[in-house]
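The values are calculated or read from the model by the stated rules, or taken from the named source; none is laboratory data. Remember, predicted model here, so these are calculated numbers, not experimental data. So basically every Cβ, Gly included, is an ideal-geometry build from the backbone, and we count neighbours across all protein chains shown.
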Amino acid sequence: MTLSARLLTTDSLPPGFTVEIATVMARDAGDRRPGSGCSDHMIPLLSASRLTGNPSAMAAATLSHDGDPGNSWPWAGTEILRTYADDGARRAMTDLRTFVGRCPVVASGPGGATHRFALAAAPKLGDDSLFVSCSSTSGADTLTFDSILVRTGTALIVVKEQGNNPDDDKLLAQVAEAALRRYQATGS
């Protein structure tokens, strides 16, 4: 079974969610380690958009939610599956924890946005799980790009929000739980 066949489907998601696009992805960040500075180039690593290591396969799905009538923000997100031939999933999570500890705030160029990153309690999923709180503030506007990472064996499941309302974390947790169930159910 291909890795993309283990991605979420509309049927495996809670009601109101839809899979828009499912695809195989290009390679990750690899074994390159960023310098010690906290600059723009760190944002993809801090936000879990890219991770360190060399996955043997990657696949992704773009997700959306119908929305709450009382909330004018539609929810959008991405599920990313990565499998490793070794302990790369564990190392990627360790590196992410280190990077966020080292760079909790990154300014994006002159007059640009301020990005904030923090680790928070994640739902207890898989062998290890991590909640990465990401926000971007420009002027009075703040968007969140939170992520939940779940390691199960040599696989890493990342569910990311894409610029959503700060109150949508419950939706993120629902998708992460569904992604883990789907990955495990489509098994080995």
Residue check: is Thr114 touching a Pro at 6+ places or on another chain (Cβ under 8 Å), of a type in the set (Val, Ile, Thr) and farther than 18 Å from Glu79 by Cα?
no
Taking the condition of being of a type outside the set (Lys, Arg), within 28 Å of Val105 (Cβ to Cβ) and not in a strand (DSSP E or B), how many residues in region 34-64 meet it?
17
Output for region 148-175, where each listed residue is part of a strand (DSSP E or B) and at pLDDT below 80
Asn164
